[in-house]
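The values are calculated or read from the model by the stated rules, or taken from the named source; none is laboratory data. Fair warning: this is a prediction, and the values are worked out from it, not measured in the lab. All Cβ positions, glycine included, derive from the backbone under ideal geometry; neighbour counts span all protein chains shown. What goes into the accessible areas is simple: the full protein's heavy atoms, side chains included, and nothing from ligands, DNA or RNA. Shrake-Rupley method; radii C 1.70, N 1.55, O 1.52, S 1.80 Å.
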Amino acid sequence: MSIKSQSELRKLQAIGKIVRLTLEQMSAHVRPGVTTAELDAVGAAVLKNHAAESSPPLVYGFPGTACISVNDEAIHGIPGKRVLAEGDLVKLDVTAQKDGFVADAAITVRVGRVSPAADALARCAEAAFRQGLRAARVGNRVYEIGRAVEREVRRCGFSVIRELCGHGVGRTIHEEPCVPNHYDPRFRAKLTDGLVITIEPIIAAGSGRAALQPDKWTIRTGDGSLAAHHEHTIVVTKNEPILLTAA
């Protein structure tokens, strides 16, 4: 969607704040010994307290409130009995809706003390997001975001998972345009004032190949290497983008 009024912007900012608060509360409960189902319950409670709903179950029938992916799981992990352990990397991905507007964000959280390699991967996903954000300006082309993201990821010595990308958002969970995390000249549409999109580097320590699991939801790295994910919903403007899901 594209923002057409201050009223729309305020409603997007409201759901963006709720998504941020949900991730903050879930992150605060991450520790060795907690299950992914317990983290999901924390997220569900925050959304309920703010009269918001999780979008993935409503739109796609996803069996959870948040997508919670651990270590080599890149995205769409199903919350359940898995117990987090010291050194894990857990990706928390929340998409929520309220008053007809949707926001989406994800963070990678370290469980206790992690290895230097895991820490570097998580830091790289955040840095790649910031580089992509700098390219999100009116008049730039969609592929410039991916070029900036991929350049940073390669500089860090890691790989973009090319099958997975950012997207338009705002009225439903996935809208046009697709926003790849690598340079693809086919995505040459110009970014317009008020356009609402996610930028979300999803990266791997290994080859960057992805593999859908038998549960038909979870996507792991094909070689079992660690994955990291950092995402926010933004509004493209003539100046700096508006971050809807970050403080």
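Please go through the range 1-24 and give me each residue that is part of a helix (DSSP H, G or I), polar (S, T, N, Q) and touching a residue at least 60 places away in the same chain (Cβ under 8 Å), ordered by number.
If the condition is that a residue be part of a helix (DSSP H, G or I), polar (S, T, N, Q) and touching a residue at least 60 places away in the same chain (Cβ under 8 Å), then Q13, T22 are the ones that fit.
Find all pairs meeting these conditions: Cβ atoms under 8 angstrom apart; at least six residues apart or on different chains; first residue within the range 218-246 and of a type in the set (K, R); second residue open to solvent by 10 Å² or more (accessible area, probe 1.4 Å).
So the pair list comes out as R220/D72; R220/E73; R220/A210; R220/A211; R220/Q213; K238/R137; K238/V138; K238/D193.
Restricting attention to strands (runs of 3 or more DSSP E) lying wholly within the range 45-105, give those where 1 or more residues are touching a strand residue (DSSP E or B) at 6+ places or on another chain (Cβ under 9 Å) and open to solvent by 30 Å² or more (accessible area, probe 1.4 Å).
Fully inside the range 45-105 and qualifying: 89-98.
Might you check whether a residue that is open to solvent by 10 Å² or more (accessible area, probe 1.4 Å), under 19 Å from the mean Cα position of the chain (by Cα) and among the small types (G, A, S) occurs anywhere in the range 209-216?
Yes, the range 209-216 has at least one match.
Looking at the range 137-166, I want the residues that are at negative phi and open to solvent by 30 Å² or more (accessible area, probe 1.4 Å) and have a partner that is among the polar types (S, T, N, Q) and assigned to a helix (DSSP H, G or I) with Cβ atoms under 9 Å, at least 6 apart or on another chain. Which pairs are those?
That search, which allows pairs on different chains as well, returns R151/Q131.
For the range 25-36, name all the residues that are in a helix (DSSP H, G or I) and either within 15 Å of A103 (Cα to Cα) or of a type in the set (V, I, T) (or both).
If the condition is that a residue be in a helix (DSSP H, G or I) and either within 15 Å of A103 (Cα to Cα) or of a type in the set (V, I, T) (or both), then T36 is the only one that fits.
Can you name the residue in the range 224-236 that is closer than 15 Å to I202 by Cβ and either more than 12 Å from the chain's Cα centre (by Cα) or β-branched (V, I, T) (or both) and, of all such residues, is surrounded by the most Cβ atoms within 10 Å (Cβ to Cβ)?
Here the answer is A227.
Just to be sure, is V114 outside any helix (DSSP H, G or I), under 23 Å from I219 (Cβ atoms) and more than 16 Å from the chain's Cα centre (by Cα)?
Against the criterion (outside any helix (DSSP H, G or I), under 23 Å from I219 (Cβ atoms) and more than 16 Å from the chain's Cα centre (by Cα)), V114 qualifies.
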